[in-house]
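Heads up, the thing below is written out as structure tokens.
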Amino acid sequence: MPAPVLREWVIRPSDPEACRMLAGALGLRDLTAAVLAARGHRTAEAARAFLDGLESPARDPFLLTGMEQAVDRLHRAVRGRERVLVYGDYDVDGASATSLYLVFLKGLGLAADFYIPNRMKEGYGLNADAVRRIAASGVSVLITADCGTTSVEEIALAQSLGMDVIVTDHHVPETILPPALAILNPCKPDSGYPFTGLCSGGLAYKVASAYRAKYGSAESDPDRALDLVALATIADVAPLQDENRAMVRKGLALLSRGARPGIRALKAAAGINGECGVGTVGFTLAPRLNAAGRLGEAADAVRLLVTEDDREAAELAGLLNRLNQERQRVEEGIVAEAIRAAEAAPSGPLVLASRGWHQGVVGIVASRLVERFHRPAILIALNDNGIGKGSARTVDGVNIYEAIAQCRGSLEAFGGHAAAAGLTIREDRIPVFRAQLAEVMKGPLSSPASRPRLLCDAEVEPSGFSPAAVLELGRLGPFGSGNPEPTLVLRNLRVASARIVGVNHLKLAVTGRSGLRLDAIGFKMGTLESRGLSPSEPIDVACALDINAWNGTERVQLRLKDVRASVNG
């Protein structure tokens, strides 16, 4: 096993005076007050608003350039009973946004159709053949969900065939925009919207909210679809900041209740009872929804999310569960092969290709390689004709989309955003592209921003850790991209016991200066010795706090993120 990537621990600046004030004014524990202050909430008013989820009220959807034209056109379509079709992407964001549109329009009395391209046969975004078929079916309004920003030729074709196109997308735009009726994209330079973090599910919600605000659709309440927004936002790793945080918080409550038949069935198939958190969505629900587009038909994910029939929901959830199990088997094989190739690759970004890899899984494997090697990774699945479809992931501080854009001359097509991208390339161009990308990334990969870091909120003593304290700290959530769970640094801990449990999980019992004994778990961390540490020497840990329930007793457990030899030991 290779040595673990050494990360610099960056501890946020502390403000003891602000901590004391927040603890006293809001009746908080010192730990919660310390994390709030470290994250910049240093007045009672700001901290209270953040804890209550009111720090960023929902913004006016009409701030988005093109929103007025979009809802007016939809209103005409509703009144005229026109044929409307939603063209979505095959990932969770696209499926959720598509479902939200379908549910909302159905509430207005309009039975809209939808179309999700096949990942393997058609690829990402609009394609000319599909556009022609859609136009021939009598559709007059085409709404995109998580695609369309770069589909200049396809949207021009749609317009020439008599369709008005409304684009809802958050991918980075090119210089030339498509000739759509409206392009609702917060990443567009002239979007007019002050928050660029909305995913396409959030944008669909904004469209529904704008329609309701202008035309009073009381029978179709967008807030009932915030569970779909939460699915999309978490699965797409959109920042849990600003209004996203409030929408996800409300959406998680809906997911926990399982008000939607498809969600109830998916939770049952995955063995989930009751409450859903960010982790439940990211690691359990989203992979099953994504499996439809990776190994089957993404349309099945949409059907699951919109169905009102419990029996159909159970059948579709079972199908997605089986596809996810198959995805896991395929993924593990590719991961093993990709790791061997990565270990033999030169330094710099990883650009790996194979004819044996499944196109629907390479994105997940690229993420695994980034985690393991702390290098940007592009995995390319080649077909028998030598055409490769690649997925790219990157490390913090390195914009993968901008890097790929500088190598566009070697590519057939590409698209994406700062953290993830996709591309199409011919097999014989891969060596040239690999060399170009390595040259382009020399600067970004040598910058301090790209170095492996672990951002920590506070250095604390291991005392006052109680289940109630952990629950209070949870009020800062939901945690995820842009709002990470609190990470604490504990120093000079003595190791009372160390062993391996499960699949290479490090289980420790540690004590601090006060003598308080705490349990700790480091998932897939291996032994202390494999990390160059001795159980007989004191250690420092960076960790999150969990509640471990066992035999009716709740205890605080440290979930290790990193461990190192104590400097002051």
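No value in this document is a laboratory result; all are computed from the given coordinates. Keep in mind the model is a prediction, meaning the values are calculated, not measured. Positions of Cβ are backbone-derived with ideal geometry, glycine not excepted, and every protein chain shown enters the neighbour counts.
Here are a few things to note about the model shown:
- 0 to 90° range, to nearest 10: angle between helix 286-295 axis and the chain longest Cα axis: 50
- Lysine pairs in the chain with Cα atoms under 15 Å, if 8 or more residues apart or on separate chains: 5
- Nearest-ten-degree value, helix 310-344 long axis tilted from longest Cα axis of the chain: 60
- Beta bridge orientation in the range 345-450: antiparallel %, DSSP, nearest 5: 75
- Among Leu108, Leu203, Leu240, the order by Cβ neighbours within 10 angstrom, fewest to most, reads Leu108, Leu240, Leu203.
- Restricting the calculation to alpha carbons of the range 420-568 gives Rg and Dmax of 20.1, 64 angstrom.
- Inter-label distance, Arg499 to Trp9: 2.7 nm, where each label sits 7 Å from its Cα along the C-beta direction.
- Taking amide H atoms as placed 1.01 Å from N in the peptide plane, the amide H of Leu350 lies under 5 Å from those of Ala377, Ile378, each 5 or more residues away in sequence or on another chain.
- Sites listed here are trypsin sites (Lys or Arg not before Pro) in the range 415-474 whose DSSP assignment is loop and whose Cβ has at most 15 other Cβ atoms within 10 Å, and the list is empty.
- Helix 242-257 axis, angle to the chain major axis (alpha carbon atoms, nearest 10°): 90
- Amide H contacts under 5 Å for Phe114, placed H, 5+ residues apart: Val86
- Shown in residue order for the range 71-78 are the 3J(HN,Hα) couplings computed by the Karplus curve 6.51 cos²θ - 1.76 cosθ + 1.60 at θ = phi - 60°: 6, 5, 5, 5, 5, 4, 5, 5 Hz (x for Gly and Pro).
- Calculated log₁₀ intensity ratio I(q)/I(0) where the Debye formula runs over C-alpha points of the range 33-74, q = 0.32 Å⁻¹: -1.03
- In order along the range 12-26, phi translates into HN-Hα couplings of 4, x, 8, 9, x, 5, 5, 4, 4, 5, 5, 4, x, 6, 10 Hz, rounded to whole numbers, per the Karplus curve 6.51 cos²θ - 1.76 cosθ + 1.60 with θ = phi - 60° and x for Gly and Pro.
- Our estimate of slack between Arg59 and Ala435, defined as 0.36 nm per intervening residue step minus the Cα-Cα distance, is 130.9 nm.
- For the peptides 314-323, 294-303, 19-28, the ranking by mean Cβ contacts within 10 Å, running from highest to lowest, is 294-303, 314-323, 19-28.
- Two-site label geometry, Gln328 and Asp396: point separation in nm, points 7 Å out along Cα→Cβ: 2.9
- Most simply put, the chain has about 60% antiparallel DSSP beta bridges, counting only bridges with both residues inside it.
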